1. Which of the residues that make up segment 24-36 are open to solvent by less than 50 Å² (accessible area, probe 1.4 Å) and either of a type in the set (Gly, Ala, Ser) or part of a helix (DSSP H, G or I) (or both)?
2. Cβ-Cβ under 9 Å, sequence separation 6+ or interchain: first residue in segment 106-129 and in contact (Cβ under 8 Å) with a residue 24 or more places away in the chain and of a type in the set (Phe, Trp, Tyr), partner open to solvent by less than 70 Å² (accessible area, probe 1.4 Å) and not in a helix (DSSP H, G or I). Which pairs?
3. I'd like the residue in segment 80-102 that is among the basic types (Lys, Arg) and surrounded by 11 or more Cβ atoms within 10 Å (Cβ to Cβ) and, out of all such residues, is nearest to PRO113 (Cα to Cα).
4. Return a yes/no flag: does segment 43-59 have any residue that is under 22 Å from THR23 (Cα atoms), surrounded by 14 or more Cβ atoms within 10 Å (Cβ to Cβ) and of a type outside the set (A, V, I, L, M, F, W, C).
5. Quick check, is ILE126 open to solvent by 100 Å² or more (accessible area, probe 1.4 Å) and aliphatic (A, V, I, L, M)?
6. Would a scan of segment 74-87 turn up a residue that is of a type in the set (S, T, N, Q) and under 16 Å from GLU47 (Cβ atoms)?
7. Taking the condition under 15 Å from the mean Cα position of the chain (by Cα) and exposed (fewer than 11 other Cβ atoms within 10 Å of the Cβ), does GLU77 pass?
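The values are calculated or read from the model by the stated rules, or taken from the named source; none is laboratory data. For clarity, every value in this text was computed on a predicted model and none was experimentally measured. Cβ: placed from backbone, ideal geometry, glycine included. Neighbour counts: every protein chain shown. When the accessible area is computed, the model is the full protein with side chains, heavy atoms only, and any ligands, DNA or RNA have been set aside. Shrake-Rupley method; radii C 1.70, N 1.55, O 1.52, S 1.80 Å.
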Amino acid sequence: MNSLFDELLNDFPTNFHLNESWTPKANIQEKSDEWNIELMVPGMKKEDFKLEVVENKLIVKAELEKSEEDKTYKYREFNVKSFTRSFNLPKGLVDEDKISAKYDSGILYVMVPKREEAKDRGPRVIEIQ
């Protein structure tokens, strides 16, 4: 059985390595009262993440230990890596003290609330005098 498995993998590169730099994919949605950022980061735990706001930038980091590096693989496609990703925040429009996050099913959800003056109040009817 092992030789059959080896034959199947014969055409695959045996020293395949993923690109060392990795940036998770993100979705950003704007609502009337907040922005929602979703990052696809499967295989992590919520304890792996660090979020901070520095000079109008939301910085999302994940620092992981390299315990998997000790294992030898014939072929390897999936891997979880450390990363840093930053998002520019609109200056003066974000309520930084109320930014929150949750991690569920491989997605990191970050809620970035707008300040009261930045919220969309819908169309305004102006009365002509």
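1. Initially, segment 24-36 is screened for residues open to solvent by less than 50 Å² (accessible area, probe 1.4 Å), giving 24, 26, 34-36.
Correct list: ALA26 only.
2. The qualifying pairs are TYR109/ASN36; TYR109/ILE37; TYR109/GLU38; TYR109/LEU39; TYR109/SER100; TYR109/ALA101; TYR109/TYR103.
3. First pass over segment 80-102, keeping only residues among the basic types (Lys, Arg): 81, 85, 91, 98, 102.
Filter once more, so that each one left must be surrounded by 11 or more Cβ atoms within 10 Å (Cβ to Cβ): 81, 85, 98.
Numbers: LYS81: 29, ARG85: 19, LYS98: 7 Å.
Per the stated criteria, the residue is LYS98.
4. Scanning segment 43-59 turns up at least one residue that is under 22 Å from THR23 (Cα atoms), surrounded by 14 or more Cβ atoms within 10 Å (Cβ to Cβ) and of a type outside the set (A, V, I, L, M, F, W, C).
5. Values: open to solvent by 100 Å² or more (accessible area, probe 1.4 Å): yes; aliphatic (A, V, I, L, M): yes.
Judged against the criteria, ILE126 is a match.
6. First pass over segment 74-87, keeping only residues of a type in the set (S, T, N, Q): 79, 82, 84, 86.
Right, trim to under 16 Å from GLU47 (Cβ atoms) and you get 82.
Yes: one or more hits.
7. Details: under 15 Å from the mean Cα position of the chain (by Cα): no; exposed (fewer than 11 other Cβ atoms within 10 Å of the Cβ): yes.
So GLU77 fails the test.
Residues checked against (1) of a type in the set (Asp, Glu); (2) at pLDDT 95 or above:
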position	(1), (2)
ASP48	yes, no
LEU64	no, no
SER67	no, no
LYS71	no, no
VAL80	no, no
LEU89	no, no
GLU96	yes, no
SER100	no, yes
